[in-house]
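Q: Just dropping this structure here.
FYI, it's all coordinate maths here, none of it is from the lab. All values derive from a computational prediction rather than experimental measurement. Counting neighbours? That spans all protein chains shown, and the Cβs are built from the backbone with ideal geometry, glycine included.
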Amino acid sequence: MKIIEIVTPVEKLATVKSIILKHDSEVFWVSSDEDGKNMVRALVSDDERQSVLDSLQGLIGTKDTSKILVMNLEAALPRKVVTDANTTPDTVTTTREELYNEIEKNTRLDSTYLLLVFLSTVVVAIGLLENNVAVVIGAMVIAPLLGPNIALALGAALGDAQLMWKAFKTIITGIGLALFLSIGLGMYHPMNLDSPELLARTDAGLDSMTLALASGAAAVISLTTGLSSVLVGVMVAVALLPPTATLGIMLGAGETEFAIGAALLLAMNIICVNLAAKLVFLVRGIKPRSWLEKQKASQSMTTYLVIWIISLAILLIVILFRRGQFVF
């Protein structure tokens, strides 16, 4: 459950209270000021929070005189008795607005992001070259490239072109910086082709595709249900930085064949994470509020899915052909 505060003009106060009560939520505090504004504080359950927010946004619109605030709640006593736990629907417990605020932060192309990419690239490259598993895992947990890819999928689900463009720029910049640094390390650091950690990132196959799809889906499920601790495991399972660093190292060392393998693995991870994330957003019902926005999102979703599915099919053909398992 969470607390929702609504600042509204006095003429809409009764309607606001009725909306809250209609959604089986509790109005437990109302105040007013000299300017005729009223503040309503309500306790709203997880399964009703999105419906309450949508109804309130439809009522107050985008006027500066009205505000809606969503705040975390540590505990509420006495506890609300659930009459039948089996009737609780399996729905998203994080609202569209909360999810957007959480994911949008990962698209910000600022000095912090660039510094994280720089540090994690140096760490993972050294770990790969020295075959140090602990160092590689440590860099994978930072995972600066995973967040923008999830944001790209959310932007498509909401039909938000601005969010998609911000995520795309952040992804390209992060990968470009990681490649530049790792190419330099590959040119001047002694190459260790006996490193299993390094060679493991030069081979892409069906197992890599399955892992990336499952991990991308798990990442979105963890975000939409509020189980953010699951993300740590996802970051390790489908980290995008190690194959990026491997690609740069191999290019810097002139190992073209290994570089192609790392590039295919990186492309597969990116495609599978985005495709799985979009499918989960679709299944979980993450979509815009208004009818017009839904129409835009539907077109965006169709285009998005077609692009990633075709890309994945082409990539699989290339991988199988490279392994000699595909014959025309």
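Q: Counting only pairs 8 or more places apart or on different chains, how many lysine pairs in region 96-322 have C-alpha atoms closer than 14 Å?
A: Pairs that pass both the separation and distance tests number 4.
Q: If I histogram all Cα-Cα distances within region 96-322 using bins 5 Å wide from 0, what percent of pairs lands in each bin?
A: Binned Cα distances yield the sequence 1, 7, 15, 19, 20, 16, 11, 6, 3, 1, 0, 0.
Q: Evaluate the charge dipole of region 96-322 about its Cα centre and quote only its size in Debye, nearest 20, assuming +1 on the Cβ of each Lys and Arg and -1 on the Cβ of each Asp and Glu.
A: So the magnitude is around 860 debye.
Q: To the nearest 0.05, how large is the calculated FRET efficiency for Ile310 and Thr173 if R₀ is 22 Å and r is the Cβ-Cβ distance?
A: About 0.30, to the nearest 0.05.
Q: Turning to a different aspect of this structure: Mind checking the full-extension length gain between Ser31 and Gln299? Use 0.36 nm per residue of separation minus the Cα-Cα distance, one decimal, nm.
A: Using 0.36 nm per residue and subtracting the Cα-Cα distance, I get 92.1 nm.
Q: Can you give the Kirkwood hydrodynamic radius of region 125-235 from its Cα pairs, in Å with one decimal?
A: It is 15.9 Å.
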